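The values are calculated or read from the model by the stated rules, or taken from the named source; none is laboratory data. Please read all numbers here as calculations on a predicted model, not as lab measurements. Methodologically, a virtual Cβ is constructed for each residue, glycine included, from the backbone with ideal geometry; neighbour enumeration extends over all protein chains shown.
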Amino acid sequence: MWQALATELSDDGRGGGLDIIAIAVDERTDDVRPWIDGLTMPVLIDSDRVFCDLYGVTNVPTVVWIDEDSRIVRPNSPAFGDDTFKEFHGIDSAKHHDDLRGWVSGSWNAPSAADVAALRTAPTADEQAARTHFRLGVWLLRSGHTEHAAKQFARAGELAPDDFTIRRAAMPLVGVDPFGQEFFDLYEEWKDRTGGRYYPAD
């Protein structure tokens, strides 16, 4: 669906020139390849979590709207390309798609810059430390120090228990299936603790 929206709302479609860029938070290109087969829209791989850190991404899929002047006009929010997993996460994809069409056409009621800023929260000291531990873990893993890397990933998860770009992203790096029971247990634990709220804008 994202590919269809990208085409629909691009200069080549009936829209006003929207570009959709996907960013995968994965370590290896081969982990991403099955999910992007057939896509013509750009897909970047944020293996060093630079985008996640700069934009405060703590869950996936997260969508950020950035206008032609490089301003964030809609801060982080969960959005899906279709309703394949709606029964699991409970989010209707159509609402976001309609808002996106409205933004491109000029009919969407954009929040003020002050409202957007209020919804963008800086990481806590623990969350920032967690990102440091995670980055160190990745460096250790790439250097062949698997056991030490696993300890860093575990510490990162303790410091930022609600950051899926740390906790879930670490699973395949330590040999755990990111679609297995451990992930579902993590998801239920997160939902019980947060009420299923991803970001302040939800």
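Quick one: which of Ala201, Ala150, Ala169 is among the aliphatic types (A, V, I, L, M), at pLDDT 95 or above and not assigned by TED's automatic domain parsing to the domain that holds Phe51? After ruling out the rest, the residue left standing is Ala150. Condition check for Val73 on (1) part of a loop (DSSP other than H, G, I, E, B); (2) farther than 22 Å from Gln128 by Cβ; (3) in contact with a Phe, Trp or Tyr (Cβ under 9 Å, 6 or more places away or on another chain): one failure, at (1). Taking residues in segment 78-99 that are on the phi < 0 side of the Ramachandran plot and not assigned by TED's automatic domain parsing to the domain that holds Val64, and partners anywhere that are surrounded by fewer than 11 Cβ atoms within 10 Å (Cβ to Cβ) and modelled with pLDDT under 85, not one pair has Cβ atoms closer than 8 Å while being at least 6 places apart or on different chains.
Please enumerate the residues belonging to segment 124-137 that are of a type outside the set (S, T, N, Q) and closer than 18 Å to Leu54 by Cα. Listed by number, the residues that qualify are Ala125, Asp126, Glu127, Ala129, Ala130, Arg131, His133, Phe134, Arg135, Leu136. In a residue-by-residue description of segment 14-21, the property of being outside the structural domain of Arg167 (by TED's automatic domain parsing), modelled with pLDDT of 80 or more and part of a helix (DSSP H, G or I) applies to no position. Across segment 106-152, the qualifying residues are those that are among the polar types (S, T, N, Q) and part of a helix (DSSP H, G or I), and the one among them that is farthest from Pro172 (Cα to Cα) is Gln128. If the condition is being farther than 15 Å from Glu127 by Cα and assigned to a loop (DSSP other than H, G, I, E, B), then segment 43-61 contributes Asp46, Ser47, Asp48, Val60, Pro61. Looking across segment 115-128 at every residue that is within 19 Å of the chain's Cα centre (by Cα) and within 17 Å of Arg197 (Cβ to Cβ), the one that is surrounded by the fewest Cβ atoms within 10 Å (Cβ to Cβ) is identified as Thr124.
Okay, residues lined up against (1) among the β-branched types (Val, Ile, Thr); (2) within 30 Å of Phe184 (Cβ to Cβ):
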| residue | (1), (2) |
| --- | --- |
| Pro34 | no, yes |
| Asp53 | no, yes |
| Pro61 | no, yes |
| Ile72 | yes, no |
| Pro75 | no, yes |
| Glu87 | no, yes |
| Ser93 | no, yes |
| Trp103 | no, no |
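Among residues of segment 170-199 that are in contact (Cβ under 8 Å) with a residue 40 or more places away in the chain, those with a Cβ under 6 angstrom from a residue that is surrounded by 13 or more Cβ atoms within 10 Å (Cβ to Cβ) and assigned to a helix (DSSP H, G or I), sequence gap 6+ or separate chain, pair up as Leu173/Leu141. Suppose we keep only residues that are of a type in the set (Val, Ile, Thr) and touching a strand residue (DSSP E or B) at 6+ places or on another chain (Cβ under 6 Å) within segment 30-62. Which one would you say is modelled with the lowest pLDDT? Going through the qualifying residues, I end up with Ile36. For the residues Ser105, Ser77, Ser70, Ser112, the requirement of being crowded, with 17+ Cβ neighbours inside 10 Å and small (Gly, Ala, Ser) singles out Ser77.
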